[in-house]
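The values are calculated or read from the model by the stated rules, or taken from the named source; none is laboratory data. Please read these numbers as outputs of a predicted model, since none were measured by experiment. Backbone-built Cβ (ideal geometry, glycine too); neighbour counts: all protein chains shown.
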Amino acid sequence: MFQPRERSSVRFMDQQTTHAAAEDARNDDILIWVNGELKRRSEALISVYDSGFMLGDGVWEGLRLYDNRWAFLDGHLERLFEAAKAIDLDIEMTLDQVKNALLETQSANSMTTDAHARLMVTRGVKTRPFQHPSLSRQGPTMVIIMEHSKPSIARPIRLATVPHVRGLPMSQDPKLNSHSKLNCVLACVAAEKAGADEALMLDVHGFVNTTNACNFFIVRKGEVWTSTGDYCMNGITRAKVIDICLAEGIPVFQKNFSLVEAYSADEAFLTGTFGAQTPVQSIDGRIIGSGGFGPVTQRIREAYLRMVMP
């Protein structure tokens, strides 16, 4: 009988990611929404013929619950429907129906705060194990995984620049929240091999772009810089940080900048739905500023928390 090889824990002892979360035993018994039914974790299964499993053919959104409010819920669901339309996938539900499914899952799991939801839609089960979308004839598959999840960042993130880039829109538009994440996974693998936590990815022109999982910002002489947004997921948290800077009178620029400018930044941080703002300790072994939360990052974080927990 086949016995899976046990993975060594040594490799992960000093690993830190932007999605690190405190262990929560309640997640062993969560209910997961699968095509209109709430199923226990051990019973929440989909077919091996599903387009998402077979081809990465689907779109998704991540959402975070603060004090019984899903942060920027309408923006996330609108982006889900935009992505589905972009890949010609009919969700076969209205936006309100998807919202109700999310709230139903939240209620069934008795979650009020510190929860994270991953809402996934694929093209559904295929009749044969091949690529053509016409083979998906049973309608879409929708799954909502909702966990008790509180960020547990033990230290700032170490980044390593990798050869993998976020590509051009005509290959796979990096603005699309697609299930096909292999490019980002390989970037993360390369960063880990280099002794870092996550990958800093450049764009096709060699300018600093994004990480494998989050949007990237630097602070230089009181100014906040992020990429142009042409070659990265235009994250909702990214947009809120830009809004905060404008409201707080912090100069903010979406622009091209190089690794040289990133290395000499006073502060650097990452943004994402789960971790909100996560400080960067180093890039390619070079310590950024104090190696932790700088004053501008801290000011932005405090304003963000006021926004999500009014």
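Things to note:
- Test: ALA187 is in a loop (DSSP other than H, G, I, E, B), of a type in the set (Gly, Ala, Ser), in contact (Cβ under 8 Å) with a residue 24 or more places away in the chain and closer than 24 Å to PRO151 by Cβ: no
Conditions tested, residue by residue: (1) of a type in the set (A, V, I, L, M); (2) not in a loop (DSSP other than H, G, I, E, B).
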| position | (1), (2) |
| --- | --- |
| VAL224 | yes, yes |
| THR228 | no, no |
| CYS232 | no, no |
| PHE257 | no, no |
| PHE269 | no, yes |
| PHE274 | no, no |
| THR278 | no, yes |
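- Residue pairs whose Cβ atoms lie under 6 Å apart, sitting 6 or more positions apart in sequence or on different chains, and linking a residue in the stretch 43-64 that is in a loop (DSSP other than H, G, I, E, B) to a partner that is among the hydrophobic types (A, V, I, L, M, F, W, C) and crowded, with 19+ Cβ neighbours inside 10 Å, are ALA44/ILE32; SER47/VAL125; TYR49/VAL125.
- All conditions but one from (1) on the phi < 0 side of the Ramachandran plot; (2) over 20 Å from the mean Cα position of the chain (by Cα) apply to PHE274; the one that does not is (2).
- Residue among ARG118, ARG158, ARG123 that alone is under 30 Å from GLY285 (Cβ atoms) and surrounded by 13 or more Cβ atoms within 10 Å (Cβ to Cβ): ARG158
- Residue check, GLU78 out of contact with any helix residue (DSSP H, G or I) (no Cβ under 6 Å at 6 or more places or on another chain) and either basic (Lys, Arg) or not assigned by TED's automatic domain parsing to the domain that holds CYS214 (or both): yes
- Meets criteria (surrounded by 12 or more Cβ atoms within 10 Å (Cβ to Cβ), at pLDDT 95 or above and of a type outside the set (Val, Ile, Thr)) for ARG64: yes
- Among the residues of this structure, ARG79 does not count as one that is in a strand (DSSP E or B) and among the basic types (Lys, Arg).
- Any hit, the stretch 162-171, residues being surrounded by fewer than 19 Cβ atoms within 10 Å (Cβ to Cβ), farther than 15 Å from ASN209 by Cα, touching a residue at least 40 places away in the same chain (Cβ under 8 Å) and more than 15 Å from the chain's Cα centre (by Cα): no
- When residues in the stretch 82-93 are screened for being assigned to a loop (DSSP other than H, G, I, E, B) and either crowded, with 21+ Cβ neighbours inside 10 Å or within 20 Å of the chain's Cα centre (by Cα) (or both), 2 of them pass.
- Among all positions in the stretch 23-34, there is at least one residue which is loosely packed, with under 13 Cβ neighbours inside 10 Å, under 25 Å from PRO279 (Cα atoms) and at pLDDT below 95.
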